[in-house]
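What follows is a single structure, written as structure tokens, with notes after it.
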Amino acid sequence: MNKEISVSEASILRDNNATAVFLDVREHSELAICRIEGALHIPMNEIPERAEALPLDCPLIVFCHHGMRSM
């Protein structure tokens, strides 16, 4: 299921679902500025070659800086 959610909804999902995985698709330089502790970091351009690292059996919350890459 693909769905855009708000920051509040993401927070609730993380608090209520221990299996939820946050995927940060920002570049390494952006990650140096701020990060969500425990998030999986795979820059968007690396997703094709690292797709096997993505979980298939739990909610995956994809995020970036402005929302375009995570769409």
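The values are calculated or read from the model by the stated rules, or taken from the named source; none is laboratory data. The shown structure was predicted, so the numbers you read here are calculated from the model rather than taken from an experiment. Ideal geometry is used to build each Cβ from the backbone, glycine not excepted, and the neighbour counts take in all protein chains shown. The accessibility values were calculated without ligands, DNA or RNA, using every heavy atom of the protein model including side chains. Shrake-Rupley method; radii C 1.70, N 1.55, O 1.52, S 1.80 Å.
Residues in segment 1-16 that are part of a loop (DSSP other than H, G, I, E, B) and among the acidic types (Asp, Glu): 4 alone. For segment 4-42, enumerate the residues that are among the charged types (D, E, K, R) and within 13 Å of the chain's Cα centre (by Cα). Matches in segment 4-42: 4, 14, 24, 26, 27, 35, 37.
All told, residue 26 falls short of being basic (Lys, Arg), in a loop (DSSP other than H, G, I, E, B), in contact with a His (Cβ under 9 Å, 6 or more places away or on another chain) and open to solvent by 30 Å² or more (accessible area, probe 1.4 Å).
When residues of segment 1-26 are filtered for being under 19 Å from residue 47 (Cβ atoms), at pLDDT below 90 and among the hydrophobic types (A, V, I, L, M, F, W, C), how many remain? Residues that pass the stated criteria total 1.
Tally the residues that are among the small types (Gly, Ala, Ser), loosely packed, with under 10 Cβ neighbours inside 10 Å and not in a helix (DSSP H, G or I), restricting the search to segment 29-49. Here the count works out to 2.
Consider segment 51-63 and keep the residues that are in a helix (DSSP H, G or I) and within 14 Å of the chain's Cα centre (by Cα). The one that is modelled with the lowest pLDDT is 53.
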